[in-house]
1. For the chain, modelled as a Gaussian network with Cα springs under 10 Å, which listed residue fluctuates most, 26, 63, 136?
2. Report the FRET efficiency, 1/(1 + (r/R0)^6), for residue 93 and residue 40, where r is their Cβ-Cβ distance and R0 is 41 Å, rounded to 0.05.
3. At 222 nm, what value in deg cm²/dmol follows for the chain if DSSP H runs of at least 4 each add -39500 (n - 2.57) and the sum is divided by all its residues, to the nearest 500?
4. For an R0 of 35 angstrom, estimate the FRET efficiency from the Cβ-Cβ distance between residue 63 and residue 112 and round to the nearest 0.05.
5. So for the range 1-83, averaging the separation of alpha carbon pairs under 8 Å that are six or more residues apart and normalising by length, what relative contact order in percent results?
6. Tell me the label-point distance for the pair residue 8, residue 101, using the 7 Å Cα-to-Cβ offset, in nm and rounded to one decimal.
7. Expressed as a rounded percentage, what relative contact order does the range 2-153 have, with Cα pairs under 8 Å and six or more residues apart?
8. Between [x] 0.95; [y] 1.31; [z] 0.99, which entry matches Rg/Rh (Cα atoms, Kirkwood Rh) as derived from the coordinates of this structure?
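Laboratory data are not the source of any read-out in this text; all were calculated from the coordinates shown. For clarity, every value in this text was computed on a predicted model and none was experimentally measured. Cβ: placed from backbone, ideal geometry, glycine included. Neighbour counts: every protein chain shown.
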């Protein structure tokens, strides 16, 4: 079993705010570039995409309100799971220690192809959330998407 752990970052949002974005997988489509959206389908509990010839599906396996979401594979070429953690920063009501743990049954070849790319993608997601929470939007991101999510969940 391959285990990959992202970096930790402090996100300037309450754990409940972050949790609500990731608990409904339809929200994730809004953060994709327009040219990637056509190969992605989602509902509340699952999302699937065609990436480099592979169809990879993800489904929610477990939700622990406002602190953890466990995702698992659903129609992927290998078994995997990912946990997103939303831990309240001690003494800070509106700050979250956010990180991701990923585990997968990867062959040696898949590990060589994907291992460092998965770690880089996880770290980039963590860094992007931290930056966005401080008003620094990543390139190509439309702040209106975030406003729509806030309105939808009254956050």
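1. Maximum fluctuation in the GNM of the chain, among the listed residues, is at 136.
2. 0.75
3. -10000 deg cm²/dmol
4. Here the calculated transfer efficiency is 0.55.
5. 21 percent.
6. It is 1.3 nm.
7. Worked out over the range 2-153, it gives 29 percent.
8. Recomputing Rg/Rh (Cα atoms, Kirkwood Rh) here picks out [x].
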